[in-house]
Amino acid sequence: MAATSGAPARPHEFLGAQVRWHPLEIVFWLATLLPFVFFPSYLSLASQIAIAALFALSLDLILGYAGIVSLGHAAFFGMGAYTAGLVSKWGWGEPLSLLVISACAAGLVGYATSFVIAKFRHLTLIMLTLGIGLLLYEAANSASWLTGGADGLQGIAMWPLFNTFDYDLWGYTAYTYSLIVLFVIFVATRRLIHSPFGLSLRGIRENSVRMPAIGAPSESHIRTVYTMSAVMAGIAGALIAQTTSTVSLEALSFDRSADVLVMLILGGTGRLYGGLVGSIIYMVARDQFSGVNPQYWLFWIGLLLVLVVMFLPNGILGGLARLKLFARSKP
Amino acid sequence: MGPFVAVMFDGFAYGMLLFLISVGLSVTLGMMNFVNLAHGAFAMLGAYVTVTLMNSYGWTFLATLPFAFIVAGFASVAFEQTLFKPLYRASELDQVLLTIGLVFMAVAAVAYVFGTESQPIHIPDYLRGFFTIGGANFAVYRIFLVVVALAISVLLIAGLEYTRLGAQIRAAVDNQRMARGLGINVDRIFAYTFALGSGLAGLGGALAIEVVGLDHSFALVYLIVMLIIVSVGGLGSISGSFVAAIVIGISDTAGKYYFPYLGAFLIYLVMIAVLMWRPAGLFGRR
């Protein structure tokens, strides 16, 4: 939003103004600690939300900033989850190194597919992301000797965090762990998108043909950011495998890709906090309505999508920003 | 030799079915660049019209088919005029989100009204059974499918080639601006095309019940197959959809017969390979 409030004279000042933390951001992150005090019985839900938020943040990086619409982002989430699950099954369950291993595995797949992704736009791109996601799902489904197929992965054995903090029933460890990972990656992402590289990503989103003309190679930038996003999604997947000790095909499914897209759209794309806010609202609502038949839950998700597209084109955060502008314009 | 011919024929019949369901999506995508993921929902609507008319009102199968076509066609125009029109100039993401939202709502609504179980259907006796020729079995229903689909394809292609409306549709797909400049009412042509395409999807959905079954998830499951056919065949190309539907139909059927452990792997692989080789599809020009 700093972009609209007057143009600073020099590029460094412009970027510097964006990097500064807004008081609301500090309030937001302090508020993430509230569940420890007020909702101790919902800590495992809170950890699920933190993981979903990380996954949504990874999608925001490519969708909101680089303009790559993906219907198959669960491929990397599932890749991370299966890597963490499998490596722990083979006898190495140390959480932090598992995060790194899973991030590398997802990043490798991301880097390999990014060569395809960077070449295409529009419907072809959407179809390719969808196809790659489905392909990985089917591959995991067929390779049941490795993944356990439809029954899910058996024999996951995660070690306690730092050999001291075990995953308790209440989710203290799980939430603390997920929240810290989310925060660290969020700060890194925030720095990234306010860097010159982040600015050129936004340029690519607006016009990928013109960017090379001013010295920003679109294709290699897209490859880089797509790999980064895959790494983040892989970490989110590894976190879910570690905190719940279960990995199933669901982690790779189209539903998972659609869910994360809905969360991000609901919150607002290209705003960093969009995926975070969206995942909080989405997950809390799903938890509250969990008594309802999942088939009917789908109806409300559908209605929500239709309403957001028609009335809130930039999600909840976009709507709030417009309200703020509106309030300021007529004092 | 016998099983091979039979598998090929089954695949071909399945492909014809897929062609009926997806041809409308291809033309509307090519004309308006509108990514209508709700297309499968209209196919599902047609199928449920047939099921309801047969099971609750005792109609015969063949008599329900025109109604599947008409109801799906009219319903689609209602949506087109109210919800889709404002989004023609919007981004693909918005179009994808709105229409997939409609699919979710359709799936949930059907689950609410009809339940989640598979819908039974009793086709008339003269469409059951099979012929055996040279050791290969040909199911009567699949022969019926192929005949109907081929007849419709011939009608479509001839209509597009030799009628005034057909010429206007071709003009609008080729160059929408130029067509408008020549005084063609592209919006109205598009509404007709949309209704026709969705009607065909409804008919295809009704015909598909006997082959692939019908439950509430139909719109989502076949959405992916439809998108694959459209993107492989090329947007706006009827002959492209025809070829792509046959390729996908045969590779899916043959894949399930000869490599059952691969599942749907094969058709996704075919799609990715074709798109990487020709991003605009086999017959696409853009």
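Coordinate-derived values only; no laboratory data. Everything numeric in this text was worked out from a predicted model, so none of it was measured. Here Cβ is always computed from backbone atoms with ideal geometry, including for glycine, and neighbour counts include all displayed protein chains.
What the table below lists for this structure:
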| quantity | calculated |
| --- | --- |
| In degrees, nearest ten, helix A:122-142 long axis to first principal axis of chain A (Cα) | 10 |
| Degrees, to the nearest 10: B:140-162 long Cα axis against longest axis of chain B | 20 |
| Volume per residue of the C-alpha convex hull in the protein assembly as shown, rounded to whole Å³ | 179 |
| Global form of the range A:18-251, assessed from the alpha-carbon gyration tensor, a/c cut-off 1.5 | oblate |
| Size of the range A:186-230 as Cα extents on the principal axes (Å, biggest first) | 31, 19, 15 |
| Residues whose placed amide H lies under 5 Å from that of B:Phe130, excluding near-sequence neighbours | B:Val140 |
| Using alpha-carbon coordinates, inclination of helix A:254-267 to the longest axis of chain A, degrees | 40 |
| Average beta carbon contacts from partner chains per residue of B:268-277, 10 Å cutoff | 5 |
| The range B:90-197 shape via C-alpha gyration tensor axes, a/c threshold 1.5 | oblate |
| Peptide-level mean, for A:309-319, of C-beta atoms on other protein chains within 10 Å | 2 |
| 3J(HN,Hα) from dihedral phi, the range A:81-87, Karplus parametrisation 6.51/-1.76/1.60, rounded to Hz, x for glycine, proline | 5, 5, 4, 4, x, 5, 5 |
| Overall dimensions of chain B by Cα: Rg and Dmax, Å | 18.6, 59 |
| Packing rank of B:224-230, A:10-16, A:73-79, where each peptide gets the mean count of other beta carbons within 10 Å, highest leading | A:73-79, B:224-230, A:10-16 |
| Cβ-derived FRET efficiency at R0 30 Å, A:Ile26 paired with A:Tyr172, nearest 0.05 | 0.80 |
| Per-residue average of Cβ from other chains inside 10 Å of A:291-304 | 5 |
| Note, ³J(HN,Hα) from phi for the range A:229-238, Karplus 6.51, -1.76, 1.60, rounded to Hz, x at Gly and Pro | 4, 5, 4, 5, 5, x, 5, 4, x, 5 |
| Protection-proxy order for peptides A:222-235, A:38-51, A:250-263, B:160-173, each taking the mean of Cβ atoms within 10 Å per residue, highest first | A:222-235, A:250-263, A:38-51, B:160-173 |
| Cα-centred dipole magnitude for the range B:91-243, charges only on beta-carbon of K, R (+1) and D, E (-1), debye, nearest 20 | 440 |
| Gyration tensor verdict on the range A:191-331 (Cα atoms; rounded if a/c is under 1.5, prolate if a/b is larger than b/c, oblate otherwise) | oblate |
